[in-house]
Amino acid sequence: MSGSVATIVSKTGAFMRPSSYFRSSISTDGSTPFPPEANRYHLFVSLACPWASRCLAALHLKGLSSIIGVSIVHPTFQPTRPTIDQHMGWCFKSAGDPPLTNADGYGSIKCDATLTGCPDPVTGASFIRDIYETALQTIGQPKDLTITYSVPILLCKHTNSIVNNESSDIMRILNSSFNSYALNPTTDLYPNELKSKIDEVNEWVYIHINNGVYKCGFAKSQAAYDAAVEMLFVHLDKCEEILKRQRYLIGEQLTEADVRLFMTLIRFDEVYTSYFKTNCKCIHQYDALMEYCRELYQMEGIRASVNMEHIKNHYFTSHKWLNPFAIIPKGPNFLKMLEVPHKRGEM
Ligand SMILES: N[C@@H](CCC(=O)N[C@@H](CS)C(=O)NCC(=O)O)C(=O)O
């Protein structure tokens, strides 16, 4: 059976993110069995997950939603094979289904209108795990191979194969492989001339911020938490300094580096400060980071990837050892703070 992302720690109690298993690309260059084609690929996301949401933002920013469909899971992890093992993971539900509880029966998380149906209309799956098991068998692997059943997934509907389940790859596939179908083909989140600068920024943002918040929240020793939280705030301060001087992380142009940072910032004050104990400072206490969040949130394609209800419902109900009674905090209404017009255009 697979482990959940949250459970894997080192000997010193430090959270270790497992690597993604499916890493193919979409191209006509003969390097992959997956050519770009309209209505052949499908994206599976949770609106709570920062890794999936960065892909959803890329899909919307490129204008690809009419040729790549999206399935959206319920935010609360459920038992996926209750008679066989203990795994808790993403499940499909239909709008109006009875509300779900956490693993111990606490909470009542509704099945809202964003959910795309159970069984999933594209695959017939009830759980994300089902899609992985089918895809593993398709490539001749045992279906119980030890991998994590994570979102996002980019699926080829023709073959039931998972093309890729690594968000950083999927973002780039969406950015460059479907330009003949995209409504916004000139939007380029990873332009050639900025690649090395983007790679460099992505690296420290990933280690200390995107994954840094998880290293705080899923640490199983004080020392591991202390190290992660210190580096998290060193690097948030670094972002603040950069964004005081320039509009975006890389300079004058919005790139994937911004979308990646934003997905952590938008979850920070509502979830991470309490749930992951990243409470040295809130994002709304940073001037430049806050204005930057406003600008990004006010972009249509990015806003379409933000659902704060799913975000809060997921985190606070899915890891029972962190929040046994599934109580979801009320404040601080971060999205309302982002509705104020931003002044980044004056930079
Ligand atoms: N490397 C993956 C990580 C994705 C990931 O960790 N997704 C989490 C949700 S935020 C997940 O699906 N977890 C499932 C589980 O823990 O079982 C990526 O960036 O695409």
Of the listed peptides 238-251, 325-338, 66-79, what is their order by residue-averaged count of other C-beta atoms within 10 Å, with the highest listed first?
66-79, 238-251, 325-338
Space enclosed by the convex hull of the alpha-carbon atoms of region 192-346, per residue, Å³
111
With +1 on the Cβ of every Lys and Arg and -1 on the Cβ of every Asp and Glu, and nothing else charged, how large is the dipole of region 192-346 about its Cα centre, in debye rounded to the nearest 20?
520
With labels modelled as points extended 7 Å from the Cα through the Cβ direction, what inter-label distance (nm, one decimal) is found for T146 paired with D104?
2.8
Convex hull around the C-alpha positions of the chain: the volume in Å³ per residue is 140
Expected unfolding gain across A113-N179 under the 0.36 nm per residue rule, minus the alpha-carbon gap, is 20.7 nm
Please give me the summed charge of the neighbours of S167: other residues whose Cβ is under 11 Å from its Cβ, Lys and Arg +1, Asp and Glu -1.
0
Global geometry of region 110-183, whether rounded, prolate or oblate, following the gyration tensor of its Cα atoms and the 1.5 cut on a/c
oblate
For a label point 7 Å along the Cα-to-beta-carbon line of C280, residues of region 252-267 with backbone N under 17 Å:
265
What is the magnitude of the charge dipole of the chain about its Cα centre, with +1 placed on the Cβ of each Lys and Arg, -1 on the Cβ of each Asp and Glu, and no other charges, expressed in debye to the nearest 20?
460
Of the residues T146, T101, T114, which exhibits the maximal mean-square fluctuation in a Gaussian network model of the chain defined by a 10 Å Cα contact cut-off?
T146
Where only C-alpha atoms are counted, convex hull volume of region 124-279 per residue in Å³:
166
Taking Cα atoms only, Rg over Rh for region 66-161 with Rh from the Kirkwood formula is 0.97
Ignoring everything except DSSP H segments at least 4 long, calculate the 222 nm mean residue ellipticity for the chain; use -39,500 (n - 2.57) per segment, divide by total residues, nearest 500.
-10000 deg cm²/dmol
Rounded, prolate or oblate for region 1-139? Axes are the square roots of the Cα gyration tensor eigenvalues, ordered a ≥ b ≥ c, and the cut-off for rounded is a/c under 1.5.
oblate
What part of the accessible area of the chain, given as a whole %, is carbon or sulfur when the probe is 1.4 angstrom?
52
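The values are calculated or read from the model by the stated rules, or taken from the named source; none is laboratory data. This structure is a prediction, so every number in the text was calculated from the model and none was measured. Backbone-built Cβ (ideal geometry, glycine too); neighbour counts: all protein chains shown. Areas reflect the complete protein model, heavy atoms only, side chains present, ligands, DNA and RNA absent. Shrake-Rupley method; radii C 1.70, N 1.55, O 1.52, S 1.80 Å.
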